[in-house]
Structure formats: structure tokens, C-alpha cells
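Asks: After the C-alpha cells below, expect a handful of questions from me.
Read-outs: derived from the displayed coordinates by stated rules, not from any lab. From a predicted model like this one, the values you see are computed outputs, not experimental measurements.
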Amino acid sequence: MSRIRNSNRIPSPADENGAPARLHEPRNTFCVILLGSGFFAALLGAFGSRDSSNSLTMAVFIVAGIAAMLVAVAGVDNWRDRTVFFVLALTVSLYSGFTFASARRRAAVGAIHEDMLATAAALAVYFRDHGRYPESTDGPESVNGDAFLSFRVETESDSERPRFLPTYRPGAFRTSGLLPNGFFRDPFAPPGKTFHYFSAPGCYLLWSPGPDGVNQLGRAEVEDMSTWKPGEGARTLRAFEYDPTNGGRSAGDIVLGVYP
């Protein structure tokens, strides 16, 4: 009887090689489905993260996808299949993480550009009303604190130094957030800091340290800005400016201003 039952059983490819057909078991089939679901969830989060408006949702997709793939890897009871699952899960996880980080960096750079343009618009209005740009300092009166070159604190009661704050139409710009003092937050500067700022007669510079977080510009590089000849400013600043084509975290400052 035993021989009759064995001869009637339909052999699987795995049986012919003398090994059990593990991938055809219900448990491993579930792991394959789980791995595929995690694979697509992580990729969806990676590609969707390029839209800054839903970055939190896309981060959830990536984390959930990676978690699903790890569960699938742990659930497979064949070491060969587990190795294949692990390599796939690791590759997708690294790709998703890198893509998400790069997208967030690009979004931060884009937000800084828009915030600087908004600040430049406010500076233009200030110049129209007062015939000069707001003062700058790296002393105790800097809005960023001592030794951090930026806007000088101005009060409404001081008629000689009218108050300057970057106030704009609500919703007109995508911003990195506002600080309690009313200035834009610089996501690449230390916490609680706004953009660097330096002014001279008839000209000014705004800059951020950029994705690498290291300042290339300082007072020594810009203090003679008012004496630059036409075109000299662009040539001087080019050596310090951030260029995204050199890599997302390449050196260089994000710069905007009015100068010769």
C-alpha cells in the first residue's frame, strides 16, 4: 500500500533533487507576498518623497516597507531563500533611504531659495522707505547672537534705526519655518539661527552655509563689498557658492544679494 501511494504522488522539481519544496509551502508563499508588498511600499515612499508636501506620509511608507521586508526575511525557513530575500531587502532599503535623504535636501535648498527671495523683497521695500539696507553685525546685537554675522536687532522706538522684520503675504512662499523673532529659520545653520547677512552702502548679501553646514563666507570675504568693481562680486562669490551639480552635500554657501 505504501508503495502504491508513493508511486501515485506527483513529484515536484525539488523532490527530484532530493530536497523539500519549501517555496511552495504556505508560510513561504506568504513571505514572498510580504516581501513584494514591502518592496513596492518602500519604492513608493522613495519616489513620493520628492514632493515635500507629503514627506511624512512617504517616510511612513518607507519604514513600513522595510519592516515588512525584514519580517519576510525572518519568516523564510530556507537559508538560500533567506539570503536572496535579505539581499533584495537590503538593496531596496538603502536605495529608499538614500533617495529620501536626497529629496529632503533638495527640498530644503529650494525652501531656502524661496525664503531668501522673500527676504530680498522685504529688503527692497526697506531700502525704498529708508534709502539704505538694515544694519548688520556679529556682535551681541545680532539677531543670531554674538559672533554670528546677521541682522542687527532694531526696535520700533528707535527712529534712527527703523525696525526690520521679513513679513510677507501668508502662503505666498514655501518656507523652512519661522523663528520666534520673526525671521526665517535656516535648516543648514545651528538650531535657532536665521541666514547670515551683511550690508554695506547700497548693497547686501544673504547666505546660508548650505547642505554641508560649513560657512565658506565670513566678514573677511565680504567687508569690502561696497568697493567691488562691476562684475567683481559675481567673480568673487563664485568660489564660495554651492553648486548642486557637484553633489547634494557638496561644499559651498547658498548666496543671494545686491552687489556690484
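Asks: Assuming a viscosity of 0.890 mPa s and a temperature of 25 °C, what translational diffusion coefficient in µm² per second does Stokes-Einstein assign to region 40-137, Rh being the Kirkwood radius over Cα pairs?
Replies: This corresponds to a translational diffusion coefficient of 150 µm²/s.
Asks: Summarise the long-distance tail of P(r) for region 188-260 by giving the % of C-alpha pairs beyond 21 Å.
Replies: Values: 640 of 2628 pairs.
Tail of P(r) above 21 Å: 24 percent of Cα pairs.
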